[in-house]
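Scroll down for the structure; my scribbles are underneath it.
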(Lines give C-alpha, C1' and ligand atoms only; values in the text may rest on other atoms or scores of the structure.)
Protein backbone atom coordinates (compact mmCIF):
# COMPACT_ATOMS: atom_id res chain seq x y z
CA UNK A 1 0.00 0.00 0.00
CA UNK A 2 2.76 2.43 0.99
CA UNK A 3 4.69 1.53 -2.17
CA UNK A 4 1.66 2.40 -4.33
CA UNK A 5 1.29 5.77 -2.60
CA UNK A 6 5.03 6.38 -2.94
CA UNK A 7 4.99 5.63 -6.68
CA UNK A 8 1.94 7.87 -7.16
CA UNK A 9 3.63 10.69 -5.26
CA UNK A 10 6.88 10.36 -7.21
CA UNK A 11 4.99 10.33 -10.51
CA UNK A 12 2.87 13.43 -9.93
CA UNK A 13 4.46 15.52 -7.15
CA UNK A 14 8.22 15.51 -7.71
CA UNK A 15 8.06 18.56 -9.97
CA UNK A 16 8.77 21.59 -7.76
CA UNK A 17 7.00 24.00 -10.11
CA UNK A 18 3.79 21.95 -10.09
CA UNK A 19 3.79 21.76 -6.29
CA UNK A 20 4.22 25.54 -6.01
CA UNK A 21 1.30 26.06 -8.38
CA UNK A 22 -0.90 23.77 -6.28
CA UNK A 23 0.06 25.68 -3.13
CA UNK A 24 -0.73 29.02 -4.80
CA UNK A 25 -4.12 27.75 -5.95
CA UNK A 26 -4.87 26.40 -2.47
CA UNK A 27 -3.91 29.70 -0.82
CA UNK A 28 -5.98 31.68 -3.31
CA UNK A 29 -8.97 29.39 -2.81
CA UNK A 30 -8.70 29.70 0.98
CA UNK A 31 -8.40 33.49 0.87
CA UNK A 32 -11.44 33.88 -1.36
CA UNK A 33 -13.55 31.46 0.70
CA UNK A 34 -12.67 33.05 4.04
CA UNK A 35 -12.41 36.70 2.94
CA UNK A 36 -14.59 36.81 -0.16
CA UNK A 37 -17.02 39.35 1.32
CA UNK A 38 -14.25 41.68 2.43
CA UNK A 39 -12.46 41.43 -0.92
CA UNK A 40 -15.64 41.83 -2.99
CA UNK A 41 -14.65 45.32 -4.29
CA UNK A 42 -11.25 43.97 -5.38
CA UNK A 43 -12.80 40.97 -7.13
CA UNK A 44 -15.36 43.18 -8.88
CA UNK A 45 -12.62 45.60 -9.97
CA UNK A 46 -10.53 42.74 -11.40
CA UNK A 47 -13.51 41.52 -13.41
CA UNK A 48 -14.24 44.99 -14.76
CA UNK A 49 -10.56 45.57 -15.53
CA UNK A 50 -10.50 42.34 -17.56
CA UNK A 51 -13.58 43.57 -19.38
CA UNK A 52 -12.19 47.03 -20.14
CA UNK A 53 -8.69 45.87 -21.04
CA UNK A 54 -10.02 44.37 -24.25
CA UNK A 55 -11.28 47.76 -25.41
CA UNK A 56 -7.94 49.37 -24.51
CA UNK A 57 -6.05 46.70 -26.47
CA UNK A 58 -8.35 47.25 -29.44
CA UNK A 59 -7.62 51.00 -29.46
CA UNK A 60 -3.88 50.45 -29.04
CA UNK A 61 -3.84 48.06 -32.00
CA UNK A 62 -5.39 50.88 -34.05
CA UNK A 63 -2.54 53.22 -33.07
CA UNK A 64 -4.31 55.12 -30.31
CA UNK A 65 -1.85 56.11 -27.54
CA UNK A 66 -2.30 53.89 -24.52
CA UNK A 67 -3.02 56.70 -22.03
CA UNK A 68 -5.61 58.19 -24.37
CA UNK A 69 -7.18 54.74 -24.87
CA UNK A 70 -7.22 54.22 -21.10
CA UNK A 71 -8.81 57.63 -20.51
CA UNK A 72 -11.53 57.13 -23.12
CA UNK A 73 -12.27 53.62 -21.86
CA UNK A 74 -12.48 54.78 -18.26
CA UNK A 75 -14.82 57.67 -19.16
CA UNK A 76 -17.04 55.19 -21.02
CA UNK A 77 -17.00 52.92 -17.96
CA UNK A 78 -18.05 55.77 -15.65
CA UNK A 79 -20.83 56.77 -18.06
CA UNK A 80 -22.08 53.17 -18.16
CA UNK A 81 -22.01 53.01 -14.35
CA UNK A 82 -24.04 56.21 -14.05
CA UNK A 83 -26.56 54.95 -16.63
CA UNK A 84 -26.89 51.72 -14.68
CA UNK A 85 -27.42 53.50 -11.35
CA UNK A 86 -29.74 56.28 -12.50
CA UNK A 87 -31.61 54.68 -15.41
CA UNK A 88 -31.69 50.89 -15.25
CA UNK A 89 -31.91 50.44 -11.47
CA UNK A 90 -34.80 52.90 -10.91
CA UNK A 91 -36.68 51.51 -13.93
CA UNK A 92 -36.39 47.85 -12.92
CA UNK A 93 -36.94 48.58 -9.23
CA UNK A 94 -40.12 50.50 -10.00
CA UNK A 95 -41.40 47.65 -12.13
CA UNK A 96 -40.56 45.14 -9.39
CA UNK A 97 -42.50 47.14 -6.82
CA UNK A 98 -45.48 47.42 -9.20
CA UNK A 99 -45.31 43.70 -9.89
CA UNK A 100 -45.37 42.86 -6.19
CA UNK A 101 -48.11 45.36 -5.36
CA UNK A 102 -50.37 44.98 -8.40
CA UNK A 103 -49.79 41.68 -10.17
CA UNK A 104 -48.91 39.39 -7.26
CA UNK A 105 -52.24 39.87 -5.43
CA UNK A 106 -54.06 38.92 -8.64
CA UNK A 107 -51.83 35.88 -9.09
CA UNK A 108 -52.44 34.94 -5.46
CA UNK A 109 -56.19 35.20 -5.92
CA UNK A 110 -56.14 33.01 -9.02
CA UNK A 111 -53.90 30.45 -7.34
CA UNK A 112 -56.15 30.38 -4.25
CA UNK A 113 -59.24 29.86 -6.40
CA UNK A 114 -57.52 27.00 -8.22
CA UNK A 115 -56.35 25.34 -5.00
CA UNK A 116 -59.79 25.60 -3.37
CA UNK A 117 -61.31 23.58 -6.21
CA UNK A 118 -58.82 20.72 -5.94
CA UNK A 119 -60.27 19.06 -2.77
CA UNK A 120 -63.69 18.89 -4.46
CA UNK A 121 -62.35 17.38 -7.67
CA UNK A 122 -59.71 15.10 -6.16
CA UNK A 123 -60.71 14.43 -2.53
CA UNK A 124 -58.58 11.29 -2.34
CA UNK A 125 -55.42 13.20 -3.28
CA UNK A 126 -55.87 16.73 -1.88
CA UNK A 127 -57.25 17.59 1.56
CA UNK A 128 -58.86 20.81 2.77
CA UNK A 129 -56.22 21.16 5.51
CA UNK A 130 -53.36 20.96 3.00
CA UNK A 131 -54.93 23.67 0.83
CA UNK A 132 -55.47 25.91 3.87
CA UNK A 133 -51.84 25.54 4.97
CA UNK A 134 -50.51 26.26 1.47
CA UNK A 135 -52.70 29.37 1.15
CA UNK A 136 -51.62 30.69 4.54
CA UNK A 137 -47.92 30.07 3.85
CA UNK A 138 -48.09 31.66 0.39
CA UNK A 139 -49.96 34.71 1.71
CA UNK A 140 -47.45 35.30 4.51
CA UNK A 141 -44.44 34.89 2.22
CA UNK A 142 -45.72 37.25 -0.46
CA UNK A 143 -46.80 39.79 2.15
CA UNK A 144 -43.31 39.85 3.67
CA UNK A 145 -41.75 40.07 0.22
CA UNK A 146 -43.93 43.01 -0.77
CA UNK A 147 -43.20 44.89 2.44
CA UNK A 148 -39.45 44.39 2.11
CA UNK A 149 -39.52 45.59 -1.50
CA UNK A 150 -41.23 48.91 -0.82
CA UNK A 151 -39.69 49.87 2.51
CA UNK A 152 -36.16 50.39 3.79
CA UNK A 153 -35.86 49.77 7.50
CA UNK A 154 -33.23 51.37 9.69
CA UNK A 155 -31.48 48.02 9.94
CA UNK A 156 -30.70 48.18 6.23
CA UNK A 157 -28.81 51.47 6.49
CA UNK A 158 -25.42 49.79 7.18
CA UNK A 159 -25.89 47.72 4.01
CA UNK A 160 -26.74 50.90 2.12
CA UNK A 161 -23.57 52.57 3.38
CA UNK A 162 -21.58 49.49 2.38
CA UNK A 163 -23.08 49.71 -1.09
CA UNK A 164 -22.09 53.38 -1.38
CA UNK A 165 -18.52 52.54 -0.32
CA UNK A 166 -18.51 49.71 -2.88
CA UNK A 167 -19.60 52.09 -5.63
CA UNK A 168 -16.76 54.46 -4.78
CA UNK A 169 -14.01 51.87 -4.28
CA UNK A 170 -14.64 49.78 -7.37
CA UNK A 171 -14.14 52.56 -9.98
CA UNK A 172 -11.02 53.70 -8.13
CA UNK A 173 -9.58 50.17 -8.08
CA UNK A 174 -10.47 49.66 -11.75
CA UNK A 175 -8.49 52.76 -12.66
CA UNK A 176 -5.37 51.58 -10.83
CA UNK A 177 -5.66 48.04 -12.19
CA UNK A 178 -5.78 49.43 -15.73
CA UNK A 179 -3.12 52.11 -15.24
CA UNK A 180 -0.58 49.99 -13.34
CA UNK A 181 -1.35 46.58 -14.83
CA UNK A 182 2.22 45.79 -15.87
CA UNK A 183 3.68 46.92 -12.56
CA UNK A 184 1.20 44.86 -10.53
CA UNK A 185 1.80 41.75 -12.64
CA UNK A 186 5.57 42.17 -12.34
CA UNK A 187 5.38 42.42 -8.56
CA UNK A 188 3.54 39.09 -8.44
CA UNK A 189 5.78 37.38 -11.00
CA UNK A 190 8.90 38.24 -8.96
CA UNK A 191 7.63 35.90 -6.23
CA UNK A 192 7.54 32.91 -8.61
CA UNK A 193 10.45 30.67 -9.62
CA UNK A 194 12.71 32.02 -12.36
CA UNK A 195 12.21 28.89 -14.49
CA UNK A 196 8.46 28.23 -14.74
CA UNK A 197 7.49 26.77 -18.15
CA UNK A 198 4.59 24.75 -16.70
CA UNK A 199 3.15 27.66 -14.71
CA UNK A 200 3.60 30.02 -17.66
CA UNK A 201 1.76 27.65 -19.98
CA UNK A 202 -1.16 27.19 -17.59
CA UNK A 203 -1.43 30.87 -16.64
CA UNK A 204 -1.20 32.06 -20.24
CA UNK A 205 -3.98 29.71 -21.26
CA UNK A 206 -6.14 30.75 -18.32
CA UNK A 207 -5.52 34.47 -18.91
CA UNK A 208 -6.86 34.02 -22.43
CA UNK A 209 -9.78 31.89 -21.27
CA UNK A 210 -10.86 34.19 -18.42
CA UNK A 211 -10.50 37.38 -20.46
CA UNK A 212 -12.47 35.84 -23.32
CA UNK A 213 -15.13 34.54 -20.94
CA UNK A 214 -15.60 37.79 -19.00
CA UNK A 215 -15.83 39.98 -22.10
CA UNK A 216 -17.98 37.49 -23.99
CA UNK A 217 -20.33 36.97 -21.07
CA UNK A 218 -20.73 40.72 -20.52
CA UNK A 219 -21.61 41.20 -24.19
CA UNK A 220 -24.01 38.24 -24.04
CA UNK A 221 -25.80 39.74 -21.02
CA UNK A 222 -26.15 43.14 -22.72
CA UNK A 223 -27.29 41.77 -26.08
CA UNK A 224 -29.68 39.13 -24.74
CA UNK A 225 -31.21 41.44 -22.13
CA UNK A 226 -31.47 44.37 -24.56
CA UNK A 227 -33.06 42.33 -27.35
CA UNK A 228 -35.53 40.80 -24.89
CA UNK A 229 -36.48 44.25 -23.57
CA UNK A 230 -37.06 45.67 -27.06
CA UNK A 231 -39.06 42.60 -28.15
CA UNK A 232 -41.27 42.66 -25.06
CA UNK A 233 -41.88 46.41 -25.43
CA UNK A 234 -42.98 45.86 -29.04
CA UNK A 235 -45.26 43.03 -27.92
CA UNK A 236 -46.72 45.20 -25.15
CA UNK A 237 -45.59 42.95 -22.29
CA UNK A 238 -45.75 44.50 -18.84
CA UNK A 239 -42.54 44.79 -16.79
CA UNK A 240 -40.43 44.51 -19.96
CA UNK A 241 -37.32 46.06 -18.34
CA UNK A 242 -37.48 43.74 -15.33
CA UNK A 243 -37.97 40.65 -17.50
CA UNK A 244 -35.20 41.78 -19.87
CA UNK A 245 -32.84 42.14 -16.91
CA UNK A 246 -33.75 38.66 -15.67
CA UNK A 247 -33.24 37.12 -19.12
CA UNK A 248 -29.89 38.88 -19.48
CA UNK A 249 -28.65 37.70 -16.09
CA UNK A 250 -29.91 34.17 -16.75
CA UNK A 251 -27.12 33.56 -19.27
CA UNK A 252 -24.62 33.63 -16.39
CA UNK A 253 -25.82 30.16 -15.37
CA UNK A 254 -25.68 27.86 -18.43
CA UNK A 255 -28.67 25.56 -19.01
CA UNK A 256 -30.21 26.28 -15.59
CA UNK A 257 -30.70 30.04 -15.96
CA UNK A 258 -32.73 29.90 -19.16
CA UNK A 259 -35.00 27.23 -17.68
CA UNK A 260 -35.60 29.09 -14.42
CA UNK A 261 -36.30 32.50 -15.99
CA UNK A 262 -38.90 30.95 -18.31
CA UNK A 263 -41.25 30.74 -15.32
CA UNK A 264 -41.61 34.49 -14.60
CA UNK A 265 -41.84 35.24 -18.33
CA UNK A 266 -44.65 32.71 -18.79
CA UNK A 267 -46.47 33.78 -15.61
CA UNK A 268 -46.43 37.49 -16.49
CA UNK A 269 -47.54 36.79 -20.06
CA UNK A 270 -50.33 34.46 -18.93
CA UNK A 271 -51.80 36.85 -16.37
CA UNK A 272 -51.61 39.73 -18.83
CA UNK A 273 -52.91 38.01 -21.99
CA UNK A 274 -54.41 34.69 -20.81
CA UNK A 275 -54.35 31.66 -23.08
CA UNK A 276 -54.36 33.01 -26.59
CA UNK A 277 -52.39 34.23 -29.57
CA UNK A 278 -50.66 37.05 -27.65
CA UNK A 279 -49.39 34.63 -25.02
CA UNK A 280 -48.11 32.27 -27.68
CA UNK A 281 -46.34 35.11 -29.51
CA UNK A 282 -44.54 36.11 -26.30
CA UNK A 283 -43.37 32.56 -25.65
CA UNK A 284 -42.35 31.99 -29.28
CA UNK A 285 -40.31 35.22 -29.36
CA UNK A 286 -38.72 34.31 -26.02
CA UNK A 287 -37.88 30.83 -27.33
CA UNK A 288 -36.34 32.31 -30.50
CA UNK A 289 -34.18 34.66 -28.41
CA UNK A 290 -32.95 31.77 -26.27
CA UNK A 291 -32.29 29.65 -29.35
CA UNK A 292 -30.32 32.39 -31.11
CA UNK A 293 -28.36 33.02 -27.94
CA UNK A 294 -27.27 29.41 -27.55
CA UNK A 295 -26.70 28.55 -31.21
CA UNK A 296 -25.54 31.82 -32.78
CA UNK A 297 -24.48 34.44 -30.23
CA UNK A 298 -22.41 32.21 -27.95
CA UNK A 299 -20.27 30.71 -30.78
CA UNK A 300 -19.61 34.22 -32.13
CA UNK A 301 -18.70 35.84 -28.80
CA UNK A 302 -16.61 33.04 -27.34
CA UNK A 303 -13.79 32.71 -29.84
CA UNK A 304 -11.94 30.38 -27.46
CA UNK A 305 -14.33 27.47 -27.02
CA UNK A 306 -14.65 26.12 -23.50
CA UNK A 307 -14.43 22.37 -24.05
CA UNK A 308 -16.34 21.17 -21.00
CA UNK A 309 -19.07 18.57 -20.78
CA UNK A 310 -22.50 19.90 -19.65
CA UNK A 311 -22.27 17.68 -16.53
CA UNK A 312 -18.95 19.35 -15.65
CA UNK A 313 -20.43 22.82 -16.18
CA UNK A 314 -23.49 22.15 -14.00
CA UNK A 315 -21.33 20.57 -11.28
CA UNK A 316 -18.97 23.56 -11.35
CA UNK A 317 -21.90 25.98 -11.06
CA UNK A 318 -23.27 24.10 -8.04
CA UNK A 319 -19.90 23.75 -6.29
CA UNK A 320 -18.45 27.22 -6.85
CA UNK A 321 -21.87 28.85 -6.44
CA UNK A 322 -22.18 27.15 -3.07
CA UNK A 323 -18.80 28.54 -2.01
CA UNK A 324 -18.98 32.09 -3.40
CA UNK A 325 -22.60 32.75 -4.34
CA UNK A 326 -23.05 34.94 -7.42
CA UNK A 327 -19.30 35.32 -7.93
CA UNK A 328 -18.89 31.56 -7.92
CA UNK A 329 -21.70 31.12 -10.43
CA UNK A 330 -20.20 33.74 -12.74
CA UNK A 331 -16.70 32.23 -12.60
CA UNK A 332 -17.75 28.58 -12.47
CA UNK A 333 -16.82 27.90 -16.11
CA UNK A 334 -13.37 29.59 -16.12
CA UNK A 335 -12.54 28.00 -12.77
CA UNK A 336 -13.53 24.59 -14.09
CA UNK A 337 -11.42 25.30 -17.17
CA UNK A 338 -8.49 26.21 -14.90
CA UNK A 339 -8.76 22.87 -13.11
CA UNK A 340 -8.95 21.03 -16.41
CA UNK A 341 -5.93 22.93 -17.78
CA UNK A 342 -3.88 22.15 -14.67
CA UNK A 343 -4.82 18.45 -14.78
CA UNK A 344 -4.15 18.19 -18.51
CA UNK A 345 -0.78 19.98 -18.40
CA UNK A 346 0.36 18.45 -15.10
CA UNK A 347 3.95 17.21 -15.50
CA UNK A 348 4.50 13.53 -14.80
CA UNK A 349 7.70 11.80 -13.82
CA UNK A 350 7.30 8.19 -14.96
CA UNK A 351 8.36 5.68 -12.32
CA UNK A 352 10.44 2.99 -13.92
CA UNK A 353 10.06 -0.63 -12.95
CA UNK A 354 13.51 -0.84 -11.46
CA UNK A 355 12.72 2.03 -9.07
CA UNK A 356 9.67 0.50 -7.43
CA UNK A 357 11.04 -1.62 -4.59
CA UNK A 358 12.38 -0.06 -1.47
CA UNK A 359 15.54 -2.16 -1.69
CA UNK A 360 15.47 -2.76 -5.43
CA UNK A 361 17.81 -1.32 -8.05
CA UNK A 362 17.62 2.37 -8.74
CA UNK A 363 18.55 4.51 -11.72
CA UNK A 364 21.81 5.44 -10.02
CA UNK A 365 22.79 1.76 -9.64
CA UNK A 366 22.84 1.27 -13.41
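Does any residue of region 257-268 turn out to be within 13 Å of the chain's Cα centre (by Cα) and either assigned by TED's automatic domain parsing to the domain that holds residue 316 or surrounded by 20 or more Cβ atoms within 10 Å (Cβ to Cβ) (or both)?
Yes, the conditions are met somewhere in region 257-268.
Quick check on region 177-185. Is at least one of its residues crowded, with 17+ Cβ neighbours inside 10 Å, more than 30 Å from residue 94 (Cα to Cα), in the same structural domain as residue 94 (by TED's automatic domain parsing) and modelled with pLDDT of 85 or more?
Yes - at least one qualifying residue is present in region 177-185.
For residue 99, only one of the following conditions fails: (1) at pLDDT below 85; (2) out of contact with any helix residue (DSSP H, G or I) (no Cβ under 8 Å at 6 or more places or on another chain); (3) more than 23 Å from residue 200 (Cβ to Cβ). What is its number?
That leaves (2) as the condition not met.
Out of 164, 160, 173, report the one residue that is surrounded by 13 or more Cβ atoms within 10 Å (Cβ to Cβ), modelled with pLDDT of 60 or more and part of a helix (DSSP H, G or I).
Only one candidate qualifies: 173.
For residue 228, state whether it is modelled with pLDDT of 90 or more, part of a helix (DSSP H, G or I), within 29 Å of residue 312 (Cα to Cα) and more than 19 Å from the chain's Cα centre (by Cα).
Spelling it out, residue 228 is indeed modelled with pLDDT of 90 or more, part of a helix (DSSP H, G or I), within 29 Å of residue 312 (Cα to Cα) and more than 19 Å from the chain's Cα centre (by Cα).
The values are calculated or read from the model by the stated rules, or taken from the named source; none is laboratory data. Just so it is clear, the model here is predicted, and its values are computed rather than measured. Here Cβ is always computed from backbone atoms with ideal geometry, including for glycine, and neighbour counts include all displayed protein chains.
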